[in-house]
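Novice: Below are the structure tokens for one structure; questions will follow.
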Amino acid sequence: MYIEKINGPEDLKKLTMDECMVLAGEIRELILKRTSDIGGHVASNLGIVEIAIALHYVFDSPKDKMVFDVSHQSYAHKILTGRKEGFADSDKYSEISGYTNPNESAHDHFFVGHTSTSVSLACGLAKARDLAGGKENVIAVIGDGSLSGGEAFEGLDFAGGELKSNFIVIVNDNEMSIAENHGGIYGSLKALKDGNGRAENNYFKALGFDYRFVADGNDVAAVTEALKEVKDIDHPVVVHISTKKGKGYSFAEEDEEAWHWRKPYNLETGELKSDFNGERYDRVVRDHILERIKTDDRIVAMLAAVPDSLSFTPDMRKQAGKQFVDVGIAEEHAIAMAAGIARNGGKPVFATLSTFFQRTYDQMSQELCINKCAATLLVINASVYAVNDISHIGIFDIPLISGMPNMIYLAPTNKQEYLAMLDWSIDQDEYPVAIRAPRNGVFYAEGEVECEYGINPEYRIQKQGEKVAVLALGDFYQMGEEVVEKLKADKGIEATLVNPRYITGLDRNTLDELAKTHEVIITLEDGVLDGGFGQRVAGYLGRYKGVGVLNFGLKTEFLDRYNLKAVMESNHLTPELICEDIYKIL
């Protein structure tokens, strides 16, 4: 096996092209081994293997600098740059992340997990090189799906028009984002592919780039030859390469969307090793929206290239018809478009991950909040219980969203409350509303839930008690229940349990009453404490003497592939540790 001899790019350069094609198959076997065991991005990484081999065959990394967009296609690059044991040895899987990571290797220049960034990052590398009088190649590797992101256009626009030196953009065109591509640019790409690199409209040339086309990007020799032509080039060039997403694994080739990212699976059958088919909030909300669409043609379900955020399968997207919109990788556009839909009488419901809402701060503030456009935003994976890669953690949204005037940010604690909040948000016409999707399992309400909300928060006292009040927000509500039970079991304290429901604003009336009748008030929130819900509560209660306030949440830090139990304990987020802290100030 050739892979056994490859410990870095210098070893790769000793192989012939025929040997490199064999190596490509061996790399795919490693990718499939790791992803079948622990999950990961399958189809995108299988499709780019030959490009990765050609890049490291032709260029001299890390002197020549490669930036991989979104990192969904960096596995082969990692294998070729000394990290193959993280794919071959199950004991070493945890040593290698699923994204580019400068802490792992000098061949990775950035942590990258959000899309459409590679060209801009590479522009910076090239500019600094030119100022220093350097001569190394700078290469941005970007998938066609990422071209729909606004930052990709901004980077290409700058590079093609302003850089007058070496700058190479590899466009890996597999005709897919996570799902199918959406947007006008893809007609231009298709025309170029159909015309073998020739078309009436060439998007890249229009932006000032030289241009090359490779019809078979899964042929190492063809890609290598094209890259040799542009190595050390003295001006910006795009090398447009056509590849097959999922190449070499039949299940991934036949269903690229399902295999973009995959949980652990059986390599022989493609079946998931375990698949939770019980209730999940993404499916619950998806089904509810589809039912509402049937009777209200104003509703528009909106996603940004991540249909799985609400489990919107191709069949369900077809079922929703014109009332479903996938804007592609363009979250900022989605928010502004939602504002326009709302202003013209529509009912937009936009769902994406907490980590991606970070890209939309300006649009939420300017287009939605200033204009008071009544759009509904579903904030998915906003939790310490969710995705734990450094670029995708969802614990920063509370300070981000809750400080915007005119925004109503709600935190449901159970299924009925979630759906009631969703219905109210869709039906009202006064304010933009964000709803923070729980991530700790589907729970059911005891008794009726409120069906009306508004700009003025009203907390709900679920259990009236004394001495200690527990304000348990969103999916930390169930932890609050455990704290209340433990206080009674340990010390006989009948604590008050409050479901705040609102992340934005403060229910001053309830807080005033709690401060007058309790010795300790604690807040629990599934997010960072700095600038969060608890700090606002503590700031308000500071006017009261004789009442202790404790805020429980997460430290402001970047976490990467963390152990949930360890993180919860280090932040005192267990009923036992919370109660210990309460006892210290009682």
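Where a number appears in this text, it was derived from the coordinates with a stated rule and is not lab data. Owing to the predicted nature of the structure, the values given are computational and were not obtained by experimental measurement. Counting neighbours? That spans all protein chains shown, and the Cβs are built from the backbone with ideal geometry, glycine included.
Novice: Taking the DSSP beta bridges in the stretch 2-261 as the whole, what percent of them are antiparallel, to the nearest 5?
Specialist: Working: 3 of 24 bridges.
For the stretch 2-261, the DSSP antiparallel bridge percentage is about 10.
Novice: Continuing with this model, one more query. If you fit an axis through the alpha-carbon atoms of helix 575-585 and take the longest principal axis of the Cα set of the chain, what angle between them do you get, 0 to 90°, nearest 10?
Specialist: 50 degrees
Novice: How about the stretch 196-243: which GluC sites (Glu not before Pro) there are in a DSSP loop, with at most 11 other Cβ atoms within 10 Å of their Cβ?
Specialist: Glu200
Novice: If we count other beta carbons within 10 Å of each Cβ, what is the order of Ser71, Ser94, Ser570, Ser188, fewest first?
Specialist: Ser94, Ser570, Ser188, Ser71
Novice: According to the square roots a ≥ b ≥ c of the eigenvalues of the Cα gyration tensor, what is the shape class of the stretch 437-586, taking rounded for a/c under 1.5, prolate for a/b larger than b/c otherwise, and oblate for the remainder? Walk me through the intermediate numbers first.
Specialist: Numbers: a/c = 1.27, a/b = 1.12, b/c = 1.14.
Rounded.
Novice: Still on this model: Provide the percentage of antiparallel DSSP beta bridges, counting only those with both residues in the chain; round to the nearest 5.
Specialist: Bridges in the chain that DSSP calls antiparallel: roughly 15 percent.
Novice: Same structure again: Return the FRET efficiency for the residue pair Asp11, Ser94: r is the Cβ-Cβ distance, R0 is 22 Å, and the value is rounded to the nearest 0.05.
Specialist: Here the calculated transfer efficiency is 0.30.
Novice: Then there is this: What is the extension gain from Glu513 to Asp315, computed as 0.36 nm multiplied by their sequence separation minus the C-alpha to C-alpha distance, in nm to one decimal?
Specialist: 66.1 nm
Novice: Applying 1/(1 + (r/R0)^6) with R0 = 30 Å to the Cβ-Cβ distance of Val22 and His235, what FRET efficiency is obtained, to the nearest 0.05? Before the final figure, lay out each step's value.
Specialist: Details: r = 35 Å, r/R0 = 1.18.
Efficiency, from the Cβ-Cβ distance: 0.25.
Novice: Here is a further query. Take the Cβ-Cβ distance between Val442 and Glu485 as r, set R0 to 22 Å, and report the resulting FRET efficiency rounded to the nearest 0.05. Before the final figure, lay out the partial values.
Specialist: Numbers: r = 21 Å, r/R0 = 0.94.
After rounding to 0.05, the efficiency reads 0.60.
Novice: Whole number please: convex hull volume per residue, Cα atoms of the stretch 187-339, in Å³.
Specialist: 177 Å³
Novice: Can you divide the C-alpha Rg of the stretch 328-428 by 2.2 N^0.38 Å and report the result to two decimal places? Numbers along the way, then the final one.
Specialist: Working: Rg = 13.3 Å, N = 101, 2.2 N^0.38 = 12.7 Å.
It is 1.05.
Novice: While we're looking at this one, here's another question. Counting other C-beta atoms within 10 Å, which of Met66, Met176 has the fewest, and how do the rest follow?
Specialist: Ascending number of Cβ neighbours within 10 Å: Met176, Met66.
Novice: Distance between the C-alpha centers of the stretch 253-326 and the stretch 437-481? Whole Å please.
Specialist: Taking the Cα centre of each part, the stretch 253-326 and the stretch 437-481 sit 29 Å apart.
Novice: Identify which of the listed values of log10 I(q)/I(0) by the Debye sum over Cα atoms at q = 0.06, 0.09, 0.11, 0.12 Å⁻¹ was calculated from the structure shown: (1) -0.43, -0.87, -1.14, -1.25; (2) -0.54, -0.88, -1.13, -1.27; (3) -0.35, -0.75, -1.05, -1.18.
Specialist: Of the listed options (1) -0.43, -0.87, -1.14, -1.25; (2) -0.54, -0.88, -1.13, -1.27; (3) -0.35, -0.75, -1.05, -1.18, (3) comes from this structure.
Novice: Cut-off is 10 Å between beta-carbons; in what order do Cys579, Cys369 appear when sorted fewest neighbours first?
Specialist: Going from sparsest to densest Cβ surroundings: Cys369, Cys579.
Novice: Once you have the Cα-Cα distance between Asp560 and Ile585, take 0.36 nm times their residue separation minus that, and quote the gain in nm to one decimal.
Specialist: Numbers: separation 25, 0.36 × 25 = 9.00 nm, distance 3.35 nm.
The span from Asp560 to Ile585 would gain 5.7 nm if fully extended.
Novice: Just want the answer: with Cβ charges of +1 for Lys and Arg and -1 for Asp and Glu, which residue in Ile53, Leu32, Ala128 is farthest toward the dipole's positive end in the stretch 28-128?
Specialist: Working it through, the farthest residue towards the positive pole turns out to be Ala128.
Novice: I would also like to ask the following. Which listed residue (Asn509, Thr355, Val119) has the Cα farthest towards the positive end of the charge dipole for the chain, taking +1 on Lys and Arg C-beta and -1 on Asp and Glu C-beta about the Cα centre?
Specialist: In the chain, that residue is Asn509.
Novice: Express in whole angstrom the spacing between the alpha-carbon centres of the stretch 152-226 and the stretch 353-410.
Specialist: With the stretch 152-226 and the stretch 353-410 each reduced to a Cα centre, they are spaced 33 Å.
Novice: Say each of Leu207 and Glu254 gets a label point 7 Å from the Cα, pointing the same way as Cα to Cβ; how far apart are those two points in nm?
Specialist: 3.6 nm
Novice: For the stretch 395-492, state which chymotrypsin sites (Phe, Trp or Tyr not before Pro) are in a DSSP loop and have at most 15 other beta carbons lying within 10 Å of their beta carbon.
Specialist: Those that pass, being in a loop and sparsely packed, are Tyr444.
Novice: Working out 0.36 nm times the residue gap between Arg283 and Asn196, then minus their Cα-Cα distance, what length gain in nm do you get to one decimal?
Specialist: 27.1 nm
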